[in-house]
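Undergrad: My questions will all concern the structure given below.
A short reminder: the numbers here are calculations on the coordinates, not readings from a lab. Quantities reported herein were computed from a predicted structural model and do not represent experimental measurements. Counting neighbours? That spans all protein chains shown, and the Cβs are built from the backbone with ideal geometry, glycine included.
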Amino acid sequence: MTGRFSTEGPLKERYQVVVVGGGVNGLGVARHLALAGVTDVLVLEKSYLLHGASGRNGGGVRAQWGTMDNLVLARDSIPMFRHMSAELGFNVWFRQGGYLFLAHDEEKAKALADVVRFHNANGVNSRLVDPTEAHVLVPDLNAQGVVAASYHPGDGIIFPWAVVQGLAKRCVELGVDVRTFTGATGFAMKGGRIVGVETTRGRVHGDSRGQDGSGSVRVECETVVNAAGCWSREVAALAGVALPNTPVRHEILVTEALKPFLDPMLVDLRNGLYCSQDMRGELVCGIGMPGEKPGVSFASSFAFTKRVASALLDVLPSVGDVKVMRQWAGAYDVTPDNKPILGPSPGVENLVQLNGASGHGFMISPMTTRIVADVILGRKPPVDLAPYRLDRFGPGWQPEPETLVIG
Amino acid sequence: MTTPKRIVCACEDVNDVELREAIEAGCADLESLKRLTGFATGPCQGKTCLTLARQMLAEATGATPEAVGAITFRPPVQPIPLRYLAGQEGDEA
């Protein structure tokens, strides 16, 4: 093991860019900026690395989306994930075993046929498979009742902890200032711009809930990036900017490790179950929980455990004796159209949004961080920014339905 | 002469040299140390390794073991077969 994952010593008085949030997005945009020569960047993480959704998600990476705006970000992120281990000098455990979406009635089967046509017209080589082929792809699958499934072999899984650790290490190597246990508590404003960021300083061992109260340190800056995940709305409010984002809890469990037996990620469209086998051999499973109330909560529920266990044994009956090892919760940062918010803020142009990814932020982060870095650098982003800008939620705005939101 | 490595986390095969390197790389709290080395993420969920890791972190940082604290413990307390959680019939373990 070489290199460091955070910086030490006092903060500088001034940075070109301050990034609020040390997750996959905050560190990702800092890395893109540093690679372009802008290394005068401070990344603020209010807790330990991986405390937020970047350390709590299931690691799914898929191009199978139902709208163009999500598909493009996800599709073009996959090659970037494929090269990530080499670029970071850190193994991110990417495995392309595909995603298999299961439809158990004619209506959902028709919807899958429609999205497969949409994928194929837009550079995603998914295909519709019948229950027999689904059974070949997943020999342990209970294919009874399956009408059709969609399969894209280029989809896969990644180990989120390793991605964030690799990004942090590379950021520090490139000269970025990465500070854990340091949050942003306020912005100094002047003429509709942020001119400074109030930070907490202090570190407490093993307790992310407290700060040591050693006082606030202000740093000046030209640009602020809001990459605070489920806390993004609060961070934006510090600058007087209103985000339409809503935090929603999502739970996951992991089982003991097994020999490799499950190649693709399984998704059951009846209930939002997803299940993959990670590179350590564990099953990682989540499921949609109807009636989940908005708010940031990391509490675990037994209702989830029961629901996900029943749903999982329905599609994979052979794993009944496999033991659940651990469960936890994180929070999605959900926007009204399930698309991220990227780019400058109306009224506060130098507050750049990089949030609202609605549960798929990790899998699209290679692209979203690249786009936001391009905005800051004054370069042309690889895609049109308009569908992702905060000002899209204006009068007459209509959400385009995203059919492939799961979990 | 080199000091032999000692196993700290038997579930995930993490030894004391790996923990020490992670601490030197900037892990100054147990949650970071857990996420970088994988200690306490196996079937015992830290029941055997947490005390040792806490002791190492305390010695390295000069903090007391009490101040180092503990990781967040996750349910279940003991690993439980999925079929019990799904409410299916079966022999008691």
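Undergrad: Could you work out the relative contact order of chain A? I mean the mean sequence separation of Cα pairs under 8 Å and 6+ apart, divided by the number of residues, in percent.
TA: That works out to 22 percent.
Undergrad: Can you check what the net charge comes to around A:Ala228, using other residues whose Cβ is under 11 Å from the Cβ of A:Ala228 (Lys, Arg +1; Asp, Glu -1)?
TA: -1
Undergrad: Let me ask another. Taking all pairs of different Cα atoms in region A:292-380, averaging 1/r and flipping that mean, what Kirkwood radius in angstroms comes out?
TA: 16.3 Å
Undergrad: If r is the Cβ-Cβ distance from A:Lys306 to B:Ile7 and R0 is 41 Å, what FRET efficiency results, to the nearest 0.05?
TA: After rounding, the FRET efficiency stands at 0.70.
Undergrad: Something else about it: Which aspartates and glutamates, if any, have their Cα less than 13 Å from the Cα of B:Lys47, not counting same-chain residues under 8 positions apart?
TA: In chain and number order, the partners are B:Glu12.
Undergrad: Okay, moving on. Would you mind checking the radius of gyration and Dmax of region A:347-388 based on alpha-carbon positions, in Å?
TA: Cα only, region A:347-388: 10.6, 30 Å (Rg, Dmax).
Undergrad: For chain A, take the longest principal axis of its alpha carbons; what is the angle in degrees between that and the long axis of helix A:106-120, to the nearest 10 within 0 to 90?
TA: Computed tilt is about 50 degrees.
Undergrad: Still on this structure, I have one more. Between A:Met80 and A:Leu258, what is the label-to-label distance in nm when each label sits 7 Å out along the Cα-to-Cβ direction?
TA: Result for the modelled spin labels: 3.4 nm.
Undergrad: By the scheme Lys and Arg +1, Asp and Glu -1, what is the net charge of all other residues having a beta-carbon under 12 Å from that of A:Gln16?
TA: -2
Undergrad: Moving on. Which value in Å is the Kirkwood Rh of chain A over different Cα pairs?
TA: Computed over chain A, the radius equals 21.7 Å.
Undergrad: If you don't mind, there's one more thing I want to ask. Sequence neighbours fewer than 8 away in the same chain don't count; with that in mind, list the aspartates and glutamates whose C-alpha is under 16 Å from B:Lys5.
TA: Cα-Cα hits under 16 Å: B:Asp13, B:Asp16, B:Glu18, B:Glu21.
Undergrad: Averaged across A:4-10, how many Cβ atoms of other chains sit within 10 Å of each residue's Cβ atom?
TA: 3
Undergrad: Next question, about the same structure. What do you get for Rg/Rh of region A:1-148 when both radii come from the Cα atoms and Rh is the Kirkwood radius?
TA: Answer for region A:1-148: 1.09.
Undergrad: In the neighborhood of A:Leu44, defined by Cβ-to-Cβ distances under 10 Å, what is the net charge if each Lys or Arg adds +1 and each Asp or Glu adds -1?
TA: Taking every other residue near A:Leu44 into account, the sum is 0.
Undergrad: Kirkwood hydrodynamic radius (Cα pairs, Å) of chain B?
TA: For chain B, inverting the mean 1/r across all distinct Cα pairs yields 14.6 Å.
Undergrad: If packing is taken as the average count of other Cβ atoms within 10 Å, what order do A:192-198, A:128-134 fall into, highest mean first?
TA: A:192-198, A:128-134
Undergrad: Using Cα positions and a limit of under 26 Å, work out the lysines in reach of A:Lys190, with same-chain residues fewer than 8 apart set aside.
TA: Result set, ordered by chain and number: A:Lys12, A:Lys46.
Undergrad: Still on this structure: Using Cα-Cα distances under 8 Å and only pairs 6 or more residues apart, what relative contact order does region B:7-85 have, in percent?
TA: 28 percent
Undergrad: Isolated Cys in chain A by the 4.7 Å beta carbon test?
TA: Cysteines lacking a close Cβ partner in chain A: A:Cys171, A:Cys221, A:Cys230.
Undergrad: How shielded is A:311-324 by partner chains, expressed as the average number of their Cβ atoms within 10 Å of its Cβ atoms?
TA: 4
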